[in-house]
Amino acid sequence: MTVDQSPAWTALNKHAEELGNKHLKDLFAEDDQRFDRFSFSAAHCLADFSKQRISSNTLEKLIQLAEQQRLPEKIEALFTGEHVNTSEDRPALHTALRQPKEIPLRLGEADISQEIHSSLERMETLVEQIHNGQWRGYDGSPITNVINIGVGGSDLGPLMACRALNMFTSAEIRHIEVHFVSSMDGSQLARLLNKIDPASTLFIVSSKSFSTIDTLANSNTAREWLVNASGLSSELISQHHFIGITASPTKASEWGIPEKNQLHFWDWTGGRYSMWSAIGMAIALHTGNDNFRKMLAGAHEMDSHFRHTPLTENLPALLGMIGIWNINFLDIHAHAILPYDGRLQHLPAYLEQLEMESNGKSVTLNGDKFDYSTCPILWGEVGPNAQHAFYQLLHQGTESVMCDFIAPALRYQEYGEELQAQHQLTLANCLAQSRLLALGDSVLDNADNAPLHKRYRGNQPSTTIILDELTPESFGALIAMYEHKVYVQSVIWEINPFDQWGVELGKQVATSLLDQFTDPVAAKTDSSTEGLIRFVQQQRREVKS
Ligand SMILES: O=P(O)(O)OC[C@H]1O[C@](O)(CO)[C@@H](O)[C@@H]1O
């Protein structure tokens, strides 16, 4: 029996028939305590669910579904290292990466807490060497530019964190600029190589597998650039200019990263859950080791909340379960991520991978196909900019969309009044948008008289997440909250959120197509692919002649 045939699911279906058509403006009119009833806080975050299309009864029924799916036991299984990643037969222990050293965690014979902390300390030593100018380029220059080469989980987390926590970078380490290169097309790399000095540039090759073609292509180009600039061998260049961060040390060595320049993490760290491991080195380089540790501490705070708080007040559990309500019972399949703080500009892209690569699945843990919906389509943008781009669709389009509004309560405390006023303006916009999305033009007195093209129907559900301030701690907690939300949903849908088989075949097909560009009689494909390759070849011939 799949979950959609279970008693708790059936009860929610019935409840959705009764409540589902009720407009948010009526829910607010009936109960002026909605905010108190439906907002919860923990670990620097307040989540206001009152603008979701829920009643207390909805939450009770969602909790019953979570209990029926044994969520509390599954949470414990995650933290204690059970093999929750069934298709790859291993644990998913990202929570262990942010656990304080004193708390032991046995995995088989080993206490992995010790291993994790020695890796962290080794990373910190390298970071210090780079910060204090001890690490030198091939001509003795200290390092001033660091380029993280990685993609997906080996890029998005560190990139997001560096932008989010930029203001915490102290003056002593500002001389190091950290850049990110991910795309295999080479555009980011080409732009950088044109303007930086090879002798003072260090590359961090971040790749769990050390076999991702995007990352290897960029790394090969980078090494070639250094070899050409220095006239030295690639071995010597690798000694001074390449650090490898990986769970596949043999492959890193084969590529040419000397062992002393390698930092390792573990196959039980999923790529998109890895910014807490040595993959986060770019974050420590940019914001300092102490801030990296504060980020881990904030995430750990959220972990403890998730592990020990009853479901009725558990932020990640509620966030996940209300998502389930929207997707599976209110039939909403689009989710917008709207940070009202430019420092969180990369949060939407990060969550796109976290949520869609984790839960974009259609087969249960037992390998059965099912009929219910799973992960919705996520996208987003910094809220104030999105207002001038796609909010038209949110307010007047035909699609139901659930939104997450995210903002800090306090900002610019140490700056002048102008910037503080800008923050207030931003918050006012954030609250205005969620209010209008929920209530529609009932916020006006005489909206009924307006022509249809000026009407706002409202009833678009949203959650507002307010951080006390954006700090390394609150940022860590926020991201951990979303990680756990994804896990909660996977437990309900009975899917494995820790594998990503859906990205493998594309890599294989691309490899085989590469031959087609040079050998036109290579294996047959399809008329579109062949036609497009012919067109590219023809363009090349014309340029040559
Ligand atoms: O760190 P790696 O092994 O280079 O992988 C990069 C990314 O590629 C993926 O495997 C998808 O192709 C992601 O899951 C991962 O974050």
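The values are calculated or read from the model by the stated rules, or taken from the named source; none is laboratory data. Since the model is a prediction, treat every value here as computed from it, not as a measurement. Because the Cβ atoms are built from the backbone with ideal geometry, glycine has one as well, and the counts that use them run over all protein chains shown. Side chains are part of the model used for accessible areas, which takes the heavy atoms of the whole protein and leaves out ligands, DNA and RNA. Shrake-Rupley method; radii C 1.70, N 1.55, O 1.52, S 1.80 Å.
Short-range pairs are left out: with C-alpha atoms under 8 Å and at least six residues apart, the relative contact order of the chain is 20 percent.
Per-residue packing, averaged as other Cβ atoms within 10 Å, sorts the ranges 134-145, 207-218, 284-295 into the order 284-295, 207-218, 134-145, beginning with the highest.
Modelled spin-label separation between Phe517 and Asn366, with each label point placed 7 Å from Cα along the Cα-to-Cβ direction: 4.6 nm.
Stretched out straight at 0.36 nm per residue, the stretch from Ser56 to Lys195 would grow longer than its current Cα-Cα span by 44.2 nm. Extension gain, Val509 to Val543, is 9.5 nm, computed as 0.36 nm per intervening residue step minus the present C-alpha separation.
For segment 273-405, the square roots a ≥ b ≥ c of the C-alpha gyration tensor eigenvalues yield an a/c of 1.5 or more together with a/b not exceeding b/c, which makes the shape oblate. Taking Cα atoms only, the orientation of helix 472-493 departs from the longest principal axis of the chain by about 70 degrees. With the highest mean first, a sort of the peptides 94-107, 312-325 on other beta-carbon atoms found within 10 angstrom per residue produces 312-325, 94-107. How many angstrom lie between the C-alpha centres of segment 263-289 and segment 468-521? If we compute the Cα centre of each part, the gap is 16 Å. Working ranking of peptides 388-399, 42-53 by packing, defined as the average number of other Cβ atoms within 10 Å per residue, highest first, is 42-53, 388-399. Give me the aspartates and glutamates in straight-line cross-link reach of Lys454: C-alpha distance below 16 Å, same-chain residues under 8 apart excluded. Here the aspartates and glutamates satisfying the reach criterion relative to Lys454 are Asp441, Asp445.
Can you give me the C-alpha center-to-center distance between segment 6-80 and segment 320-381, rounded to a whole angstrom? Computed from Cα coordinates, the inter-centre distance equals 17 Å.
Over the chain, with every protein chain in place, what whole percent of the accessible area is carbon and sulfur at 1.4 Å, could you tell me?
Numbers: 12360 of 23940 Å².
Heavy-atom surface of the chain belonging to carbon and sulfur, 1.4 Å probe: 52 percent.
Residue-wise HN-Hα couplings along segment 260-276, as the Karplus relation 6.51 cos²θ - 1.76 cosθ + 1.60 with θ = phi - 60° gives them from phi, are 5, 9, 9, 10, 10, 10, 10, 5, 7, 9, x, x, 7, 10, 9, 5, 7 Hz; Gly and Pro carry x.
Indicate the gyration tensor shape class of segment 94-291 (rounded, prolate or oblate), computed on the Cα atoms with a ≥ b ≥ c the square roots of the eigenvalues: a/c under 1.5 is rounded; otherwise a/b larger than b/c is prolate and the rest oblate. Prolate, since a/c reaches 1.5 and a/b exceeds b/c.
Principal axis extents of the Cα atoms in segment 504-544, from largest to smallest and rounded to whole angstrom, are 35, 18, 15.
Residue separation of His23 and Leu393 scaled by 0.36 nm, minus their Cα-Cα distance, works out to 131.3 nm of gained length. Across segment 1-98, Cα pairs under 8 Å and at least six residues apart give a relative contact order of 20 percent. Approximating the spin labels as points 7 Å out from Cα along Cα→Cβ, the Thr80-to-Arg37 distance works out to 3.7 nm. Run the Debye formula on the Cα coordinates of the chain, all scatterers equal and no solvent, and tell me log10 I(q)/I(0) at q = 0.05, 0.06, 0.09, 0.13 1/Å. The Debye formula, applied to the Cα set alone, gives -0.23, -0.33, -0.74, -1.35.
Rounded to the nearest 20 debye, what is the charge dipole size of the chain about its Cα centre when +1 sits on each Lys and Arg Cβ and -1 on each Asp and Glu Cβ?
Value, rounded to 20: 940 debye.
Suppose the Debye formula is applied to equal point scatterers at every Cα of segment 9-53; what is log10 I(q)/I(0) at q = 0.23, 0.29 Å⁻¹? Normalising to I(0) and taking log10 leaves -0.85, -0.98.
By a straight-distance test (C-alpha under 20 Å), which lysines pair with Lys61 as possible cross-link partners, with residues fewer than eight away in the same chain excluded? Cross-link targets: Lys14, Lys22, Lys51, Lys74, Lys485. Only helices enter the 222 nm calculation for the chain: every DSSP H run of n ≥ 4 contributes -39,500 (n - 2.57), and dividing by all residues gives -14000 deg cm²/dmol, rounded to 500.
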